[in-house]
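Here, each number is a calculation from the coordinates, and none is a lab measurement. Because the structure is predicted, anything quoted here is derived from the model rather than measured. Here the Cβ positions follow ideal geometry from the backbone for every residue, glycine too, while neighbour counts run over all protein chains shown.
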Amino acid sequence: MTHLFTSRRLVPIGAGLLALVLFPLLVPGSGEIAASFFNGAFGGRNFFNLYATLSRYTILLGMALAVLISFRAGLLNIGGEGQLVLGGLVAALVGVYLPAPPLVVALVALLAAMTAGACWAVLAGLLERGTGVPLLIGSLLLNYPASFLASYAVSHPFRDVASGATQTFRILREAGLPRFQGTILDYGIFLIGAAALAYVILERFTVFGYRSRLRGCSAGFAQASGFPNRRLYYRTLMLSGAAAGMTGFVAVFGSSQRFVDGMLTTPLYAWTGIAAVLLAAVRPGLVPLTAFFFAMLATGSIGMERTAGIPREFGQVIQALIVLTLAGFAGKLTAISGGTR
């Protein structure tokens, strides 16, 4: 068992090292490409690319947090994309149409976004408990109506027609998240960071966190222990969806200042958040690092495309190799431990 536990700890390290080894081996002229990669992730005039990496990291960390909350409790909520999109849309509508002082607008938008994300996650739970649709399937399928609803909203009733794009009107400017001077990075990174820290404290030092971890280790044992599993189930989904909705708020009130169709789905934030949690072996302490790794991978790939002519999709290939490696390690470890089903 000790050997197996040690092996599990090495899974994320091995996957990351594999990606770094394959990078120079798969592509000729790797020295120049590596330089363009790191310049794309951290360089640029006045470190513009570094701030772009941190801006992307903010959203990825928020989505990784949403996944981590549910996965740690053994709930496979992979509907973060729909919860993210609805949270961003609701935040934008509040920011555009609520006639109130800027601070009130921002706070109401944040609460509305978190509520929208939480409700969408709970809906997936109701489908499982009420109709027998597995949470994995139900949460996944709910991504599509959420995305279609958002696309319709910004294409017709709430569209800024004069802009010529499928997007809402700009939110109240004074209500937006302030930026660091001369950069594209906004203060949303503090909000997401504070939420991540709050979750770590909640999980480590509260009864809810203990029960959540126990349920993640063995749902059957948690049930036999007499825990209020039904309440824990829905509370966990609410927290997970609220984290995704909060991330949507940060995306809208931060850099974009409006909701644009596809702005939260095209970059694959939700799916990259899942990959970050898997790469971290569902360990809270490692998730910020793996989320930053994927943010660096995305912005660095753009630098490779711009300087060395390597398509940015190459970064997604690296990400796919990491996920496949993780799946292989997990399957092998399960077989060794006799846990195959």
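Compared with the alpha-carbon gap, the fully stretched path from Y187 to F221 is longer by 8.0 nm at 0.36 nm per residue.
Tell me, what are the semi-axes, in whole angstrom and largest first, of the equivalent ellipsoid of region 30-133 as set by the roots of 5 times the Cα gyration tensor eigenvalues?
Values: eigenvalues 223, 113, 17 Å².
Taking √(5λ) for each Cα gyration eigenvalue gives 33, 24, 9 Å.
Relative to the present Cα-Cα distance, how much length would full extension add between N39 and L149 at 0.36 nm per residue of separation? Each step should come with its number before you reach the end.
Values: separation 110, 0.36 × 110 = 39.60 nm, distance 3.84 nm.
Result for the pair: 35.8 nm of gain on full extension.
Using a simple spin-label model with pseudo-atoms 7 Å out from Cα toward Cβ, R213 and R283 lie 1.4 nm apart. Among D186, D160, the ranking by other beta carbons within 10 Å of each residue's beta carbon, starting with the fewest, stands as D160, D186.
I'd like the FRET efficiency for F48 and L197, computed as 1/(1 + (r/R0)^6) with the beta carbon distance as r and R0 of 25 Å, rounded to 0.05. Display every interim value, and only then the final one.
On the way: r = 28 Å, r/R0 = 1.11.
Computed FRET efficiency for F48 and L197 comes out at 0.35.
Go ahead and estimate [θ] at 222 nm for the chain from helices alone: -39,500 (n - 2.57) per DSSP H run with n ≥ 4, summed, over the residue count, rounded to 500. Don't jump to the answer; show the numbers that get you there.
Numbers: 14 runs with 246 residues, N = 341.
Calculated from helices alone, the mean residue ellipticity at 222 nm is -24500 deg cm²/dmol.
One equal scatterer on each Cα of region 2-336, no solvent, Debye formula: the resulting log10 I(q)/I(0) at q = 0.07, 0.08 Å⁻¹ is -0.30, -0.39.
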